[in-house]
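**Student:** Pasting a structure below so you can have a look.
The values are calculated or read from the model by the stated rules, or taken from the named source; none is laboratory data. Quick caveat, the model's predicted, so the values are computed rather than measured. Here the Cβ positions follow ideal geometry from the backbone for every residue, glycine too, while neighbour counts run over all protein chains shown. Protein only, heavy atoms only, side chains kept; ligands, DNA and RNA dropped before computing areas. Shrake-Rupley method; radii C 1.70, N 1.55, O 1.52, S 1.80 Å.
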Amino acid sequence: MAMGSTEITKELFGGVLDVDGAGFYPGLELLNLVLCSEGAILPSEDSFTLTRYAHDFARRLLQDENLPEIEKRKVLIDASSEDAVRRLLHCLELDVKNVVKVKSWEKTHFFPFTRSLVHWDARFKGGAVNKSISLERRYLRGGGALAFHILRKDSSSERLQKIRDGFISLFPEGESTPLESLASTLRNQGHKDAKPVKDTIEPESKLFNDDLEDLYRDGVMNILSHTELPSVSRIRSIISWTGIWIVIMQNSRSSDALGQKREGLIFDCAGVHGQLRRASQRCLKDAINRVFAAASKVALEQASKAVSKPASKQQLGKVRGSFAATAAAVSLLNSWKGRRHLVMGLDALETLVLACIEAEEEISFERFCMEWLYGKCGFITGRESAQEADLLNNFDASIFEENERRLAEQMKATGLLTVYSDATRMISTGSLR
């Protein structure tokens with residue numbers, strides 16, 4: 001039997017990273033596992049159970065015209081209340097920008113802005129007569145399970161406790177906000193596990209015990225520490241950081257698997273230099289090809305051990321596709337299709353700042369660019385990082401100076417950067433409060 005994409009990514013990256021489960025789905029899956037696990041948050045034990053909720057009533061209310069009237073009237077008193085709730089749910093819906101056709105209810109997911117909005121993948125099974133709801137993995141394929149595994153298996157007990165406390169603060173037990181009450185009522189009308197079940201994917205995740213895993217843990221810890229910010233900002237950033245980290249990790253571990261030096265990613269933040277734009281396009285193409293080459297190498301190595309037959313191009317394509325799809329979703333690409341290059345969208349910038357510094361901290365713009373963006377994340381934006389990456393032999397240094405200046409202007413406009421003097425520019429989250 002030929003090796004599938006899931007086996008390749010588990011060997012190469014430590015978990016299941018599939019194109020169908022790319023983008024925001026790993027972050028959603030992570031929060032599902034955090035909030036639905038029985039007992040302690042982020043249990044350290046090898047075995048744990050969870051109760052999965054489908055939230056199928058609310059999701060069908062949005063997208064399924066065949067939802068029976070009698071089911072709706074059990075919860076919603078009339079057409080007016082139904083319309084009001086539907087409009088509210090649309091505001092909570094996960095925006096999937098690469099969907100061409102009209103979404104089905106099975107592809108409709110909610111951002112978990114409150115505890116009772118978390119839900120699992122679900123679909124109909126059986127025929128027209130015996131049709132029922134089945135809880136399964138369709139889009140939440142395992143990227144979040146890898147993130148969950150990395151967090152709960154942290155060797156630093158102090159950091160692990162800070163992350164646990166952060167999640168408890170973010171999703172307090174017994175919360176009684178109007179949104180939580182509505183979400184709880186709607187979720188109770190849907191399907192859920194009759195009894196807690198064991199997850200089949202998370203225990204198979206593999207730890208590398210490297211700097212990349214510590215990078216993810218530190219980012220999550222820092223984001224959760226910002227209790228001065230609205231919970232919505234922290235929840236969005238946790239989901240976005242999970243996707244951004246997966247991009248960083250895939251790029252780095254692909255180089256490691258090929259026995260190559262880890263290559264940085266060139267970002268065009270200015271949008272005015274054709275040479276930089278083309279370099280960013282080539283860099284993105286090289287990174288995608290690097291992921292494909294690493295996946296191909298792993299598949300051939302496994303085949304040579306008689307574990308399986310060589311993987312098909314379709315399975316290898318799923319591994320490659322997950323990288324670009326995730327980068328696009330977390331606003332690290334200029335578009336989903338066409339001639340793409342690496343950029344830093346506003347959502348990505350806010351997330352990177354929250355993941356970089358703890359609450360009430362500041363860091364100079366120069367350190368943010370060099371020590372965090374380049375040193376930790378491998379993102380090339382300015383002259384110093386370009387020099388470290390040995391790019392200035394082929395580029396005029398002024399191009400990267402302009403690129404960094406435009407990045408600073410963008411961050412200043414969004415309130416992430418404060419200019420105290422010509423020599424003092426500080427990154428902080430003060431304006432987000």
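**Student:** Let me spell it out: the conditions are (1) out of contact with any Lys or Arg (no Cβ under 8 Å at 6 or more places or on another chain); (2) under 14 Å from residue 404 (Cα atoms), and residue 366 meets all of them except one. Which number is the exception?
**Tutor:** Of (1) out of contact with any Lys or Arg (no Cβ under 8 Å at 6 or more places or on another chain); (2) under 14 Å from residue 404 (Cα atoms), only one is false for residue 366: (1).
**Student:** Can you list the helices (runs of 4 or more DSSP H) lying wholly within the range 328-420 that have 3 or more residues being at pLDDT 95 or above and open to solvent by less than 30 Å² (accessible area, probe 1.4 Å)?
**Tutor:** Once the helices (runs of 4 or more DSSP H) in the range 328-420 are filtered for at least 3 residues that are at pLDDT 95 or above and open to solvent by less than 30 Å² (accessible area, probe 1.4 Å), what remains is 346-356, 397-413.
**Student:** Yes or no: the range 287-308 includes at least one residue that is free of Cβ contacts under 8 Å to residues at least 12 places away in the same chain, hydroxyl-bearing (Ser, Thr, Tyr) and either over 30 Å from residue 396 (Cα atoms) or assigned to a helix (DSSP H, G or I) (or both).
**Tutor:** Yes, the range 287-308 has at least one match.
**Student:** So residue 203 clears everything in (1) part of a helix (DSSP H, G or I); (2) modelled with pLDDT of 95 or more except one condition, right? Which one?
**Tutor:** Looking at each condition in turn, residue 203 falls short on (2).
**Student:** Still on this model: Take residue 186 and tell me if it is under 30 Å from residue 5 (Cβ atoms) and surrounded by 21 or more Cβ atoms within 10 Å (Cβ to Cβ).
**Tutor:** Judged against the criteria, residue 186 is not a match.
**Student:** Filter the range 34-50 down to residues that are of a type in the set (Ser, Thr, Tyr) and part of a loop (DSSP other than H, G, I, E, B) and give me whichever is farthest from the chain's Cα centre (by Cα).
**Tutor:** First, pick out the residues of the range 34-50 that are of a type in the set (Ser, Thr, Tyr): 37, 44, 47, 49.
Next, from what is left, pick out any that are part of a loop (DSSP other than H, G, I, E, B): 44, 47.
Numbers: 44: 22, 47: 24 Å.
So the residue we want is 47.
**Student:** Look through the range 218-242, keep the residues that are under 16 Å from residue 416 (Cα atoms) and in contact with a Lys or Arg (Cβ under 8 Å, 6 or more places away or on another chain), and return whichever of them is most open to solvent (accessible area, probe 1.4 Å).
**Tutor:** It comes out as 228.
**Student:** I want to confirm something. Restricting to the range 421-433 and keeping residues that are in a loop (DSSP other than H, G, I, E, B) and either surrounded by fewer than 14 Cβ atoms within 10 Å (Cβ to Cβ) or hydrophobic (A, V, I, L, M, F, W, C) (or both), which single residue is modelled with the highest pLDDT?
**Tutor:** The extreme case among them is 423.
Listed here are the residues, each with its yes/no results for (1) buried (at least 17 other Cβ atoms within 10 Å of the Cβ); (2) not charged (D, E, K, R).
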{"position": "165", "(1), (2)": "no, no"}
{"position": "176", "(1), (2)": "no, yes"}
{"position": "191", "(1), (2)": "yes, yes"}
{"position": "199", "(1), (2)": "yes, no"}
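**Student:** Could you give every pair whose Cβ atoms fall below 9 Å, whose first residue belongs to the range 224-245 and is farther than 25 Å from residue 375 by Cβ, and whose second residue is open to solvent by 10 Å² or more (accessible area, probe 1.4 Å) and hydroxyl-bearing (Ser, Thr, Tyr), counting only separations of at least 6 or pairs across chains?
**Tutor:** Correct list of pairs: 227/169; 231/169.
**Student:** In addition: Here are the criteria: (1) open to solvent by less than 70 Å² (accessible area, probe 1.4 Å); (2) closer than 19 Å to residue 389 by Cβ; (3) among the charged types (D, E, K, R). Tell me which single one residue 278 does not satisfy.
**Tutor:** The single condition residue 278 does not satisfy is (1).
**Student:** Working only within the range 368-391, note down all residues that are under 15 Å from residue 344 (Cβ atoms) and free of Cβ contacts under 8 Å to residues at least 60 places away in the same chain.
**Tutor:** 368, 369, 372, 373, 382
**Student:** Let me ask another. Does the range 254-266 hold any residues that are part of a helix (DSSP H, G or I) and either β-branched (Val, Ile, Thr) or open to solvent by less than 10 Å² (accessible area, probe 1.4 Å) (or both), and which are they? Step through it out loud before you land on a result.
**Tutor:** Our first condition is that a residue be part of a helix (DSSP H, G or I); within the range 254-266, this holds for 254-257.
Within the range 254-266, 254, 255 qualify.
**Student:** Before we move on, is residue 270 under 24 Å from residue 392 (Cα atoms) and in contact with a helix residue (DSSP H, G or I) (Cβ under 8 Å, 6 or more places away or on another chain)?
**Tutor:** For residue 270, the condition - under 24 Å from residue 392 (Cα atoms) and in contact with a helix residue (DSSP H, G or I) (Cβ under 8 Å, 6 or more places away or on another chain) - is met.
**Student:** Please pick out the residue among 59, 115 that is open to solvent by 40 Å² or more (accessible area, probe 1.4 Å) and modelled with pLDDT of 90 or more.
**Tutor:** 115
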